[in-house]
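A short worksheet on the structure shown next.
Nothing in this text is a laboratory measurement; each read-out follows from the coordinates by a stated rule. Note that the structure is predicted; figures quoted are calculated from it, not measured. Quick reminder, even Gly has a Cβ in these numbers, built from the backbone with ideal geometry, and neighbours come from all protein chains shown.
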Amino acid sequence: MARPPHYHSSIINLLTVKQQLLKRSRGGFNPFDQSRHFTPDQQQQQQDHFTDTARQVCEIIRTRPRWEQTILSQFPSQTLFDPTFVDQIINHQTNPLLSLRFLTWIRTHQSLDQYPNSCHAFFDRLVQSNASKAAHSLLRSLPPQFAPKFQSLESLIQSLSRDGRVEETLDVFSKLNSIGATPSVSVFNSALIGAIRVQRSDLFWGLYREMIECGLIGDAETAGYLIRAFCRDGKVDEAYELLRQVLDSGVVVTDSVAFAKLVSGFCKLRNYDRVSEILHVMIAKNCAPNVFTYQEIIHGLCRNGMGSEGFRVFGDLKRRGYAPDLVMYTTMIDGLCKMGRIGDARKLWFELIRDGFAPNEYTYNVFIDGNFKHGNVGEAKRLYEEMCGREWFRLSVLNCNTMVSGFCLNGRMDEACEMFEGMLEKGMEPDVITYNTMIQGFCKVGKTVEAVNMYGKLIEKGLRPSPATYTPMIQALCDNGDVKEAIGLWNDMQCRGVEPLVCTHEYIINGLCKQGNAGAGMEWMVSMLQNKLRPLRKTFDGLIECLASKGLLDDALLALHYMFGMGYVLGKPALNSLLGQLCKDDSFRASERLEGILDGN
DNA sequence: CTAGGGTTAG
């Protein structure tokens, strides 16, 4: 005999049934014909009966912090674990977290297999309300045989992807797989774009492989995402190759973001012929270059030391009636500042205001930075004050770093410190860039003690030092003849796993030579060479001169040998010093060996 | 609901 799907006997159920039967029998209805069936009306009444208790339970789980510990003593377990009752709770409960908690609690006592309707209802509701995280964790915590609706799973993938939880979509894809369903191309597309947004190439390609394994063929949208992914991975040529293939196959790509990324990528490679070709393709495919495309071109040119070209493109656009937007203005102002054309940058600053734009945080930042870099400290400070006075403005670490860097660059360490202290007072956390900038600033004005103190604070804060933390300190200490402390920092650097720059080795060699410690200098040189690093010619020069002056002719000749091996020639002062020593030193054999080395090269 | 672009050290 058929039973309603969630009917389970319990005391309350039995009572209800009895009441129903009594009611019906009074009306001359023969209950036994359908004794275990409920008409919709009966089901409604049964649910009505539950409503009171359900409401109470809902109230308790909403308001009592640790209801799990007491609820079984307040209500009969037959009620609480009755699937119909559970359905009630799930349907009444509007807070999904509480519903989830209730199901979790049920699960500690019963198998959730008994509650398919509750599970489906709750899952679908979470999906519909875009509660992707909760829906996903529910899916994970439910028994493997729980098979949600195909559409719900597809929707879940889409909302997870939108929320940047791309990794979590993998579970959902495998769930779909396990129920023998193939997601649509557009669902794959949403996951693919999600992976691009969170910059996870690994996930992107994993998803794409999955898509291929499902036997699906990507559409034009997929092609655009593939091009973007290749570009993001720096594989611009492969992106271009794909574009060609797709176009040849007759699929029309109109993803202007993909085109913009290609343009940007070829700008980076300085392949401007290709850039121009892509622009032609875009026009031919009815996907004319837009403000984003041109933005990538101008930015790409500026970033590659072709700012003048960028400025020319910018001018052409305006002449052709294209109105640059604020981002484009900002990019161009930054580009002009970085190529030393502060005057042109200032003109653009006024031009954008004339065009009705208001400089935003980015615009202020690049222009403040540009003014500092050109020594216009007063103007930079004025702009900073102006920016701080804007109602939209909220000071960020980056703004402060720009100020700190500007003051340091201009040797204004008092003002840099003031800015730095101001950050601390405002409760902002200076980052490694702030500290590195301060360290470099102190070193530049010879305040190495203060620089090392700053370094101590950086470590104290638990920030991770970078090569740029150590380089200026080691350089300054070596210049000041304090090589011992420099080597101390070097060791510290090694302990923290920070890879020194090539020049840092050289600072130490130069410092040692300056102190007349030629032997140690030679040891450092040997270790550099063992690490396959290429010292500058003048480092060899200095070391050889120092070795010679200390009478360490064997080492000097060995260094010379290495130097020639790298294709360098010895500078005149070092050569004179070496020859002088060889003659003075009555060491005939040494001069013979020098000849040997010279002949050998 | 409707993308994607710009800033600080080295």
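In contact with a helix residue (DSSP H, G or I) (Cβ under 9 Å, 6 or more places away or on another chain), within 16 Å of DNA strand B (Cβ to nearest atom) and outside any helix (DSSP H, G or I), is that true of A:Gly164? Criteria met by A:Gly164. Only one of the listed residues (A:Thr330, A:Thr363) is of a type in the set (Val, Ile, Thr), near DNA strand B (Cβ under 10 Å from one of its atoms), part of a helix (DSSP H, G or I) and touching a Pro at 6+ places or on another chain (Cβ under 9 Å). That residue is A:Thr330.
Exactly one residue among A:Val432, A:Val445, A:Val502 is farther than 24 Å from A:Arg534 by Cβ, surrounded by fewer than 21 Cβ atoms within 10 Å (Cβ to Cβ) and more than 10 Å from DNA strand B (Cβ to nearest atom), and that residue is A:Val445.
Residues that are more than 18 Å from A:Lys447 (Cβ to Cβ), within 16 Å of DNA strand B (Cβ to nearest atom) and either surrounded by fewer than 16 Cβ atoms within 10 Å (Cβ to Cβ) or hydrophobic (A, V, I, L, M, F, W, C) (or both): does the stretch A:467-475 have at least one? For the stretch A:467-475, residues more than 18 Å from A:Lys447 (Cβ to Cβ), within 16 Å of DNA strand B (Cβ to nearest atom) and either surrounded by fewer than 16 Cβ atoms within 10 Å (Cβ to Cβ) or hydrophobic (A, V, I, L, M, F, W, C) (or both): present. Candidates A:Tyr322, A:Tyr272: the one that is more than 13 Å from DNA strand B (Cβ to nearest atom), farther than 20 Å from A:Val246 by Cβ and out of contact with any Leu (no Cβ under 7 Å at 6 or more places or on another chain) is A:Tyr272. Count of the stretch A:275-303 residues, restricted to those that are within 13 Å of DNA strand B (Cβ to nearest atom), among the β-branched types (Val, Ile, Thr) and surrounded by fewer than 18 Cβ atoms within 10 Å (Cβ to Cβ), is 1.
Assess whether A:Leu383 counts as being part of a helix (DSSP H, G or I), among the hydrophobic types (A, V, I, L, M, F, W, C) and more than 10 Å from DNA strand B (Cβ to nearest atom). Judged against the criteria, A:Leu383 is a match. Annotation note: Cβ proximity below 9 Å between a residue of the stretch A:354-366 that is closer than 14 Å to A:Trp392 by Cα and a residue that is among the polar types (S, T, N, Q) and more than 6 Å from DNA strand B (Cβ to nearest atom) (sequence gap 6+ or interchain) occurs for A:Glu361/A:Ser396; A:Glu361/A:Asn399; A:Tyr364/A:Asn399. Evaluate the following for A:Leu458: is it of a type in the set (A, V, I, L, M), in contact with an Asp or Glu (Cβ under 9 Å, 6 or more places away or on another chain), surrounded by 15 or more Cβ atoms within 10 Å (Cβ to Cβ) and over 20 Å from A:Phe372 (Cβ atoms)? In short, no.
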